[in-house]
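First up is the structure itself, then whatever we jot down about it.
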Amino acid sequence: MNRLLALASAALALTAAPLAAQDVAITGATVALGDGSDPVENATVVVRGGRVVAAGAGVAVPAGVPVLDGSGAWVTPGLFASLTELGIYDVQAVDESNDVSASGSPFSAALDVSPIINPNSQDILISRAGGVTRASVTPSAGASIFAGQGAIIDTGADYQPLVRPRAFQVVEMGERGARLAGGSRTSSHALLRNALQEASQYGEDAELTGRSEQGDIRTGDDLAIDPRLAGRAERDTDVLLTRFDAAALVPVVTGEQQLYVKVERASDILSALSLTKEFPDLDMVLVGATEGWLVADQIAAAGVPVIAAALRDLPASFEQLAATQSNLGRMADAGVRVAIGIYDSSGDHPRGLPQAAGNLVALSRVPGASGLSWGEAFAAISSVPASIAGLDGEAGVLAEGAYGDLVVWDGDPLETSSAPIRVFVEGVEQPLDNHQTRLRERYRSLDESERPLGYVH
């Protein structure tokens, strides 16, 4: 442990291009693979060229690879934080720095966070220092039930954070969706179905007319030749989506882009699942699902994953009357893939994921409650959310071929007394300093002789 601390690298300046990946092996550590299994003691992790080569007990270190002594430390894959606002605001209360939602925009589904993510945001730096190496960045709905398109990023210290732009579309249902749609769930469901139907038709029109990438279409005799085109000539008189929004939803109805459905109440969850009967290609993810445990069997049968809060247990609204801390545990017991990724207050932060997961481990020891095992809980903040985001086997795990995202901890990462001491993203060691750490150091040992007289006497 002392050697790891002594070898901790100095903070690196944010660079315009990614630094070269390092070859590194960490030996003698307690290693959590992130795949749901229990931690392995006295294990080794080897990273070469930015990718994991091997991890586990009895792993040999290739010649020429620098070795770090991990005795007394824990090594895990980097955490994957779902549903974050990392890089899309500086100060939430300052409108000019907050790009989370766009209530005055003429667009909704077409909104895309990818071009505006700021990798130098302090929230990204703070998350990285907390062991988060990848995240999904999610917009919030403004004037429509559609919030727009989220992206997958890494938290490396460079100006190329995007891993997967336009990775998913976000739609608000339930109580908030009802308010955005005009005051009723009936309206939100009508709007959602209409939007998906419009997108389906838009995609068919584009295919039939041979629309080019520039948006050019065939006209004139084409309508007479193909009666399907003639039947769509009147479509412009009954359209609720802009052309831009309709185009953005085409990948959703074809299953090329995930649809994150924000929903809490058990009956609303079932209504969301029923959409797959009308639109069988939907690749749906349930977000929130406070009452998911009531319909866990149906969620599992549908094969739809869930991203939810770890310990939401208060009936804060009518759609959360059945809230319980056992929600995730019960859904997991039913066979639902569950990831932790909801932050219930402004004080919550992605770096708090290990604490949330640790609470679910403790909950598993409470009579009558349902929590998660250590391996399941850590997977819920690493491999499971990465898999939901389309990075199955690539992130959140220490397995051959996975990204070389490593976090070295000074103790059990699910204990609140533990903290990261080294973080690697794709084999590159990252700086852990940020505004918070600099403030800590500034006020750790103040020279009291410089205080004003009013504070001295």
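For the range 361-372, the set of residues classified as touching a residue at least 24 places away in the same chain (Cβ under 8 Å) and not in a helix (DSSP H, G or I) consists of 364, 369, 370, 371, 372, listed by residue number.
crowded, with 24+ Cβ neighbours inside 10 Å, in the same structural domain as residue 97 (by TED's automatic domain parsing) and modelled with pLDDT of 95 or more: is that true of residue 179 in this structure? Against the criterion (crowded, with 24+ Cβ neighbours inside 10 Å, in the same structural domain as residue 97 (by TED's automatic domain parsing) and modelled with pLDDT of 95 or more), residue 179 does not qualify. Scanning the range 269-295 for residues that are touching a strand residue (DSSP E or B) at 6+ places or on another chain (Cβ under 9 Å) and either modelled with pLDDT under 95 or in a helix (DSSP H, G or I) (or both) gives 269, 271, 272, 273, 275, 276, 292.
So in the range 311-328, with the set limited to residues that are touching a residue at least 24 places away in the same chain (Cβ under 8 Å) and not polar (S, T, N, Q), which one is farthest from residue 385 (Cα to Cα)? Steps first, answer last, please.
Of the range 311-328, the ones touching a residue at least 24 places away in the same chain (Cβ under 8 Å) are 311-312, 317-328.
Narrowing the set further to residues that are not polar (S, T, N, Q) leaves 311-312, 318-319, 321-323, 328.
Details: 311: 17, 312: 18, 318: 28, 319: 24, 321: 26, 322: 24, 323: 22, 328: 14 Å.
For the range 311-328, the residue satisfying everything is 318.
Figure legend. Inter-residue proximity from the range 142-171: first residues under 19 Å from residue 128 (Cβ atoms), second residues of a type in the set (Ser, Thr, Tyr) and surrounded by fewer than 24 Cβ atoms within 10 Å (Cβ to Cβ), beta-carbon distance below 7 Å, spacing 6+ or different chains. Indicated pairs: 151/114; 157/15; 158/15; 162/114. The test for being more than 15 Å from the chain's Cα centre (by Cα), surrounded by fewer than 19 Cβ atoms within 10 Å (Cβ to Cβ) and modelled with pLDDT of 95 or more holds for residue 115. Taking residues in the range 282-304 that are assigned by TED's automatic domain parsing to the domain that holds residue 173, and partners anywhere that are of a type in the set (Ser, Thr, Tyr) and in a loop (DSSP other than H, G, I, E, B), the pairs with Cβ atoms closer than 7 Å and at least 6 places apart or on different chains are 293/324; 293/326. With respect to the conditions (1) within 18 Å of the chain's Cα centre (by Cα); (2) of a type in the set (A, V, I, L, M); (3) assigned to a loop (DSSP other than H, G, I, E, B), residue 398 falls short on a single one, namely (1). Does the range 103-121 contain at least one residue that is part of a strand (DSSP E or B) and under 25 Å from residue 260 (Cα atoms)? Checking the range 103-121: at least one residue is part of a strand (DSSP E or B) and under 25 Å from residue 260 (Cα atoms).
Select from the range 405-424 the residues that are among the β-branched types (Val, Ile, Thr) and assigned to a loop (DSSP other than H, G, I, E, B) and list them in ascending order.
So the first thing to find is which residues in the range 405-424 are among the β-branched types (Val, Ile, Thr), and the list is 407-408, 416, 421, 423.
Hit for the range 405-424 is 416, nothing else.
Within the range 373-386, the set of residues being in contact with a Pro (Cβ under 8 Å, 6 or more places away or on another chain), within 30 Å of residue 256 (Cα to Cα) and not in a loop (DSSP other than H, G, I, E, B) comprises 378, 383, 384.
Within the range 329-343, residues that are surrounded by fewer than 20 Cβ atoms within 10 Å (Cβ to Cβ) sit with their Cβ atoms under 7 Å from residues that are of a type in the set (Phe, Trp, Tyr), at 6+ positions apart or across chains, in these pairs: 330/293.
The values are calculated or read from the model by the stated rules, or taken from the named source; none is laboratory data. Bear in mind the structure is a predicted one, so any value in this text is a computation, not a measurement. Here the Cβ is made from the backbone with ideal geometry for all residues, glycine too, and neighbour counts use every protein chain on show.
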